[in-house]
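K.L.:
What follows is a single structure, and I will ask about it in a moment.
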Amino acid sequence: MDHYITGAAIKALRERCGLTQAQLADQLCVSDKTVSKWETGRGLPDITLLEPLAAALHVSLPELLSGEVITNANRSANLLRSRLYVCPICGNILPATGAAGISCCGVTLPQLEAEAPDDAHNAAVTEIEHELYVEIPHEMTKTHYISFIVYVTGDRFELVRLYPEGPAAARFFRRGHGKLYWYCNKHGLFEQKV
(Lines give C-alpha, C1' and ligand atoms only; values in the text may rest on other atoms or scores of the structure.)
Protein backbone atom coordinates (compact mmCIF):
# COMPACT_ATOMS: atom_id res chain seq x y z
CA MET A 1 0.00 0.00 0.00
CA ASP A 2 1.58 3.27 -1.15
CA HIS A 3 -0.30 5.56 1.19
CA TYR A 4 -2.35 5.48 4.34
CA ILE A 5 -4.64 8.39 3.48
CA THR A 6 -3.85 11.66 1.75
CA GLY A 7 -4.41 15.15 3.04
CA ALA A 8 -5.85 16.13 -0.33
CA ALA A 9 -8.49 13.40 0.04
CA ILE A 10 -9.46 14.58 3.52
CA LYS A 11 -9.70 18.19 2.33
CA ALA A 12 -11.74 17.35 -0.78
CA LEU A 13 -14.16 15.16 1.18
CA ARG A 14 -14.49 17.79 3.95
CA GLU A 15 -15.24 20.53 1.41
CA ARG A 16 -17.73 18.29 -0.39
CA CYS A 17 -19.60 17.98 2.94
CA GLY A 18 -19.51 21.77 3.42
CA LEU A 19 -17.56 21.48 6.69
CA THR A 20 -14.89 23.82 7.97
CA GLN A 21 -11.77 22.40 9.56
CA ALA A 22 -13.11 23.50 12.96
CA GLN A 23 -16.46 21.75 12.41
CA LEU A 24 -14.75 18.52 11.41
CA ALA A 25 -12.38 18.81 14.37
CA ASP A 26 -15.34 19.24 16.77
CA GLN A 27 -16.98 16.07 15.45
CA LEU A 28 -13.76 14.10 15.98
CA CYS A 29 -12.79 15.71 19.32
CA VAL A 30 -9.48 16.96 17.92
CA SER A 31 -8.21 20.50 17.32
CA ASP A 32 -8.66 22.36 14.05
CA LYS A 33 -4.84 22.57 13.90
CA THR A 34 -4.76 18.77 13.83
CA VAL A 35 -7.15 18.70 10.84
CA SER A 36 -5.01 21.38 9.16
CA LYS A 37 -1.89 19.24 9.67
CA TRP A 38 -3.64 16.24 8.09
CA GLU A 39 -4.72 18.28 5.06
CA THR A 40 -1.26 19.80 4.51
CA GLY A 41 0.53 16.48 4.84
CA ARG A 42 2.29 17.34 8.09
CA GLY A 43 0.49 14.59 9.99
CA LEU A 44 -1.82 11.63 9.64
CA PRO A 45 -4.97 10.70 11.53
CA ASP A 46 -4.52 7.93 14.07
CA ILE A 47 -5.98 4.59 13.00
CA THR A 48 -8.59 4.88 15.79
CA LEU A 49 -9.93 8.00 14.06
CA LEU A 50 -10.43 6.47 10.61
CA GLU A 51 -13.96 5.14 11.17
CA PRO A 52 -15.20 8.33 12.91
CA LEU A 53 -13.52 10.40 10.17
CA ALA A 54 -15.24 8.37 7.43
CA ALA A 55 -18.58 8.75 9.22
CA ALA A 56 -18.10 12.52 9.63
CA LEU A 57 -17.28 12.83 5.92
CA HIS A 58 -20.23 10.58 4.91
CA VAL A 59 -18.09 8.03 3.08
CA SER A 60 -17.16 4.39 3.60
CA LEU A 61 -13.76 3.43 4.95
CA PRO A 62 -12.54 2.18 1.51
CA GLU A 63 -13.66 5.49 -0.05
CA LEU A 64 -11.79 7.42 2.62
CA LEU A 65 -8.59 5.43 2.10
CA SER A 66 -8.77 5.68 -1.69
CA GLY A 67 -9.91 9.32 -1.71
CA GLU A 68 -12.58 8.46 -4.27
CA VAL A 69 -16.28 8.74 -3.60
CA ILE A 70 -18.27 5.99 -5.28
CA THR A 71 -21.63 7.28 -6.49
CA ASN A 72 -24.12 4.64 -7.51
CA ALA A 73 -26.23 6.14 -10.28
CA ASN A 74 -28.40 3.02 -10.31
CA ARG A 75 -30.97 4.58 -7.97
CA SER A 76 -33.98 2.81 -9.48
CA ALA A 77 -32.50 -0.66 -8.80
CA ASN A 78 -32.94 -1.68 -12.43
CA LEU A 79 -31.30 -5.09 -12.57
CA LEU A 80 -30.63 -4.66 -16.29
CA ARG A 81 -27.73 -2.47 -15.14
CA SER A 82 -26.22 -5.31 -13.10
CA ARG A 83 -22.51 -5.94 -13.20
CA LEU A 84 -20.86 -9.34 -13.08
CA TYR A 85 -17.56 -10.40 -11.55
CA VAL A 86 -15.87 -13.83 -11.74
CA CYS A 87 -12.99 -14.93 -9.52
CA PRO A 88 -10.22 -16.47 -11.67
CA ILE A 89 -9.02 -18.56 -8.72
CA CYS A 90 -12.15 -20.23 -7.32
CA GLY A 91 -14.70 -19.46 -10.06
CA ASN A 92 -17.02 -17.61 -7.68
CA ILE A 93 -19.69 -15.60 -9.57
CA LEU A 94 -20.51 -12.26 -7.94
CA PRO A 95 -23.28 -9.99 -9.25
CA ALA A 96 -23.68 -6.35 -8.15
CA THR A 97 -26.55 -3.97 -8.85
CA GLY A 98 -24.28 -0.92 -8.96
CA ALA A 99 -20.72 0.27 -8.68
CA ALA A 100 -18.80 -2.00 -6.32
CA GLY A 101 -15.32 -2.84 -5.19
CA ILE A 102 -15.38 -6.65 -5.31
CA SER A 103 -12.59 -8.97 -4.24
CA CYS A 104 -12.35 -12.73 -3.83
CA CYS A 105 -9.45 -14.98 -2.85
CA GLY A 106 -7.37 -11.86 -2.18
CA VAL A 107 -7.79 -10.57 -5.75
CA THR A 108 -9.62 -7.35 -6.69
CA LEU A 109 -11.97 -8.36 -9.48
CA PRO A 110 -12.59 -6.21 -12.56
CA GLN A 111 -16.12 -5.80 -13.82
CA LEU A 112 -16.71 -8.13 -16.76
CA GLU A 113 -17.38 -6.46 -20.09
CA ALA A 114 -19.89 -8.31 -22.22
CA GLU A 115 -19.29 -8.83 -25.93
CA ALA A 116 -21.68 -9.63 -28.75
CA PRO A 117 -21.82 -13.36 -29.49
CA ASP A 118 -19.54 -14.75 -32.18
CA ASP A 119 -19.89 -17.97 -34.17
CA ALA A 120 -18.21 -20.04 -31.44
CA HIS A 121 -20.27 -18.46 -28.62
CA ASN A 122 -23.78 -18.10 -29.96
CA ALA A 123 -26.94 -18.80 -27.96
CA ALA A 124 -30.00 -20.48 -29.42
CA VAL A 125 -33.09 -19.26 -27.58
CA THR A 126 -36.35 -21.16 -27.96
CA GLU A 127 -39.60 -20.05 -26.37
CA ILE A 128 -41.59 -23.03 -25.09
CA GLU A 129 -44.92 -21.98 -23.58
CA HIS A 130 -43.87 -19.59 -20.77
CA GLU A 131 -40.22 -20.62 -20.68
CA LEU A 132 -37.05 -19.68 -22.47
CA TYR A 133 -34.81 -22.60 -23.31
CA VAL A 134 -31.28 -21.34 -23.85
CA GLU A 135 -28.72 -23.62 -25.46
CA ILE A 136 -25.16 -22.71 -26.36
CA PRO A 137 -23.48 -25.08 -28.82
CA HIS A 138 -20.14 -24.97 -27.08
CA GLU A 139 -17.76 -27.65 -25.91
CA MET A 140 -18.04 -28.48 -22.22
CA THR A 141 -14.67 -30.01 -21.41
CA LYS A 142 -12.74 -29.57 -18.18
CA THR A 143 -10.50 -26.99 -19.83
CA HIS A 144 -12.99 -25.07 -22.01
CA TYR A 145 -16.62 -24.61 -20.99
CA ILE A 146 -19.51 -22.23 -20.34
CA SER A 147 -19.63 -21.71 -16.57
CA PHE A 148 -22.99 -19.92 -16.22
CA ILE A 149 -26.00 -18.46 -18.01
CA VAL A 150 -27.90 -15.47 -16.58
CA TYR A 151 -31.33 -14.11 -17.52
CA VAL A 152 -31.90 -10.53 -16.34
CA THR A 153 -35.03 -8.39 -16.54
CA GLY A 154 -35.75 -5.06 -14.87
CA ASP A 155 -36.69 -6.76 -11.59
CA ARG A 156 -35.22 -10.29 -11.75
CA PHE A 157 -31.73 -11.76 -11.89
CA GLU A 158 -31.58 -15.53 -12.45
CA LEU A 159 -28.31 -17.42 -12.67
CA VAL A 160 -27.82 -21.05 -13.65
CA ARG A 161 -24.40 -22.48 -12.85
CA LEU A 162 -23.04 -24.94 -15.42
CA TYR A 163 -20.31 -27.53 -15.04
CA PRO A 164 -17.81 -29.17 -17.40
CA GLU A 165 -19.07 -32.30 -19.13
CA GLY A 166 -22.69 -31.18 -18.59
CA PRO A 167 -24.95 -29.49 -21.14
CA ALA A 168 -24.51 -25.79 -21.92
CA ALA A 169 -28.23 -25.14 -21.54
CA ALA A 170 -30.72 -23.62 -19.10
CA ARG A 171 -34.45 -22.97 -18.72
CA PHE A 172 -35.89 -19.71 -17.45
CA PHE A 173 -39.48 -18.63 -16.83
CA ARG A 174 -40.16 -15.90 -19.40
CA ARG A 175 -40.62 -12.60 -17.57
CA GLY A 176 -40.61 -10.09 -20.41
CA HIS A 177 -37.80 -8.34 -22.23
CA GLY A 178 -34.34 -8.60 -20.82
CA LYS A 179 -30.82 -9.82 -21.48
CA LEU A 180 -29.03 -13.12 -21.47
CA TYR A 181 -25.42 -13.38 -20.36
CA TRP A 182 -23.16 -16.40 -20.57
CA TYR A 183 -19.56 -16.83 -19.56
CA CYS A 184 -16.87 -18.87 -21.32
CA ASN A 185 -13.94 -19.65 -19.04
CA LYS A 186 -11.48 -18.83 -21.87
CA HIS A 187 -13.22 -16.08 -23.85
CA GLY A 188 -15.21 -14.12 -21.27
CA LEU A 189 -18.73 -12.75 -21.05
CA PHE A 190 -21.26 -12.57 -23.89
CA GLU A 191 -24.68 -10.91 -23.99
CA GLN A 192 -27.82 -11.00 -26.09
CA LYS A 193 -31.15 -9.19 -25.78
CA VAL A 194 -34.29 -11.35 -25.51
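K.L.:
Looking at the square roots a ≥ b ≥ c of the eigenvalues of the Cα gyration tensor of region 62-185, which shape do they give, rounded for a/c under 1.5, prolate if a/b is larger than b/c, or oblate?
P.N.:
oblate
K.L.:
Looking at the chain, identify the longest residue range that excludes and avoids all trypsin sites (Lys or Arg not before Pro) in DSSP loops having at most 11 other Cβ atoms within 10 Å.
P.N.:
Counting at most 11 other Cβ atoms within 10 Å as exposed, the longest clean stretch of the chain is 76-141.
K.L.:
Relative contact order of region 95-194: what whole-number percent is it, with Cα pairs under 8 angstrom and at least 6 residues apart?
P.N.:
The value is 26 percent.
K.L.:
Using alpha-carbon pairs under 8 Å, 6+ residues apart, how would you state the relative contact order of region 1-143 in percent?
P.N.:
Rounded, it is 14 percent for region 1-143.
K.L.:
Lys/Arg Cβ at +1, Asp/Glu Cβ at -1, dipole of region 98-194 taken about the Cα centre: which of Val160, Ala124, Leu180 is farthest positive-ward?
P.N.:
Comparing the listed Cα positions along the dipole, Val160 ranks first.
K.L.:
Follow-up. Which value in nm describes the separation of the simple spin-label points at Ala120 and Ser66, placed 7 Å from the Cα toward the beta carbon?
P.N.:
3.3 nm
K.L.:
Could you size up the charge dipole of the chain around its Cα centre, putting +1 on the beta carbon of Lys and Arg and -1 on that of Asp and Glu, and report it in debye to the nearest 20?
P.N.:
Charge dipole, the chain, about its Cα centre: 380 debye, nearest 20.
K.L.:
I want the antiparallel fraction of DSSP beta bridges within region 113-193, as a percent rounded to 5.
P.N.:
Of those bridges, close to 95 percent are antiparallel.
K.L.:
For the residue pair Val160 and Leu50, what label-to-label distance in nm results when each label sits 7 Å from Cα along the Cα-to-beta-carbon direction?
P.N.:
Here the modelled spin labels are 4.4 nm apart.
K.L.:
If exposed means no more than 14 neighbouring beta carbons inside 10 Å and the site is in a DSSP loop, what's the longest run of the chain without any exposed GluC sites (Glu not before Pro)?
P.N.:
1-67
K.L.:
Next question, about the same structure. How many percent of the accessible area of the chain is carbon or sulfur, using a 1.4 Å probe?
P.N.:
Heavy-atom surface of the chain belonging to carbon and sulfur, 1.4 Å probe: 51 percent.
K.L.:
Apply the a/c threshold of 1.5 to the C-alpha gyration tensor of region 7-66 and tell me whether it is rounded, prolate or oblate.
P.N.:
rounded
K.L.:
First measure r as the distance between the Cβ atoms of Leu94 and Arg16, then evaluate 1/(1 + (r/R0)^6) with R0 = 25 Å and state the FRET efficiency to the nearest 0.05.
P.N.:
Plugging the Cβ-Cβ distance into 1/(1 + (r/R0)^6) gives 0.30.
K.L.:
I've got another one for you. With a 1.4 Å probe and all protein chains kept in place, how much accessible area does Ser36 have, in Å² rounded to the nearest 10?
P.N.:
Surface open to solvent at Ser36 totals about 30 Å².
The values are calculated or read from the model by the stated rules, or taken from the named source; none is laboratory data. Please read these numbers as outputs of a predicted model, since none were measured by experiment. Counting neighbours? That spans all protein chains shown, and the Cβs are built from the backbone with ideal geometry, glycine included. Side chains included, ligands, DNA and RNA excluded: accessible areas come from the protein's heavy atoms. Shrake-Rupley method; radii C 1.70, N 1.55, O 1.52, S 1.80 Å.
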